[in-house]
1. Could you please find all residues in segment 19-45 being surrounded by fewer than 16 Cβ atoms within 10 Å (Cβ to Cβ) and not in a strand (DSSP E or B)?
2. When you check Val70 against the structure, is it modelled with pLDDT of 95 or more and under 14 Å from Gly50 (Cα atoms), yes or no?
3. Within segment 44-78, track down each residue that is of a type in the set (A, V, I, L, M) and within 16 Å of Ala27 (Cβ to Cβ).
Amino acid sequence: MLTLFVVQSCADPKDPEKTLRSFEGLADEVYFVPNIQLINEATVQSDWYGVIYDDEHIDEELLEGLKVFVRESVSDMLVLLKHTSDGRYFRGPRLFRQDVILRDDSLLPIRDNLSFDTVLNGLIHDNDQV
């Protein structure tokens with residue numbers, strides 16, 4: 001269904017087992033990259049690619065919602081909500097159509113005015129959360 005990029009979150013790579021398990025049934029191909037700059041250099045075969053850090057995971061509700069969104073959405077990117085271990089919430093683009101190129105310094109596309117859907121079915125969590 002999608003290609004997943006797992007980005008190293010800090011100098012020492014984290015154990016990505018929880019991260020990978022959370023994408024079971026959704027990610028067909030997985031790349032481990034030390035930084036987001038390398039994402040643009042990869043060849044993505046699927047219609048969508050996703051980006052997550054090695055210290056994050058998605059909950060079951062989001063996994064099931066994403067299975068529908070990647071099949072049905074006509075948008076260029078999907079915005080997901082993240083709940084941090086210190087109780088804050090953020091939203092940001094995390095899934096992109098295969099032709100969307102990211103900026104070198106953030107998970108934002110180079111092109112402006114791309115269409116997007118916000119997925120409210122679940123959350124991204126830090127791996128030290130349940």
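1. Matches in segment 19-45: Arg21, Glu24, Gly25, Pro34, Asn35, Gln37, Leu38, Asn40, Glu41, Ala42, Thr43, Gln45.
2. Details: modelled with pLDDT of 95 or more: yes; under 14 Å from Gly50 (Cα atoms): yes.
It is true that Val70 is modelled with pLDDT of 95 or more and under 14 Å from Gly50 (Cα atoms).
3. Start the filter on segment 44-78 by keeping residues that are of a type in the set (A, V, I, L, M), which leaves 44, 51-52, 58, 62-63, 66, 68, 70, 74, 77-78.
Those that are of a type in the set (A, V, I, L, M) and within 16 Å of Ala27 (Cβ to Cβ): Val44, Val51, Ile52, Ile58, Leu62, Leu63, Leu66, Val68, Val70, Leu78.
Every residue, every condition in (1) farther than 18 Å from Phe23 by Cα; (2) surrounded by fewer than 11 Cβ atoms within 10 Å (Cβ to Cβ); (3) at pLDDT below 95, yes or no:
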{"residue": "Lys82", "(1), (2), (3)": "no, no, no"}
{"residue": "Phe90", "(1), (2), (3)": "yes, yes, no"}
{"residue": "Phe96", "(1), (2), (3)": "no, no, no"}
{"residue": "Ser106", "(1), (2), (3)": "yes, yes, yes"}
{"residue": "Phe116", "(1), (2), (3)": "yes, no, no"}
{"residue": "Leu120", "(1), (2), (3)": "no, no, no"}
{"residue": "Asp126", "(1), (2), (3)": "no, no, yes"}
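The values are calculated or read from the model by the stated rules, or taken from the named source; none is laboratory data. As the structure is a computational prediction, the values presented were derived from the model and not from experiment. Methodologically, a virtual Cβ is constructed for each residue, glycine included, from the backbone with ideal geometry; neighbour enumeration extends over all protein chains shown.
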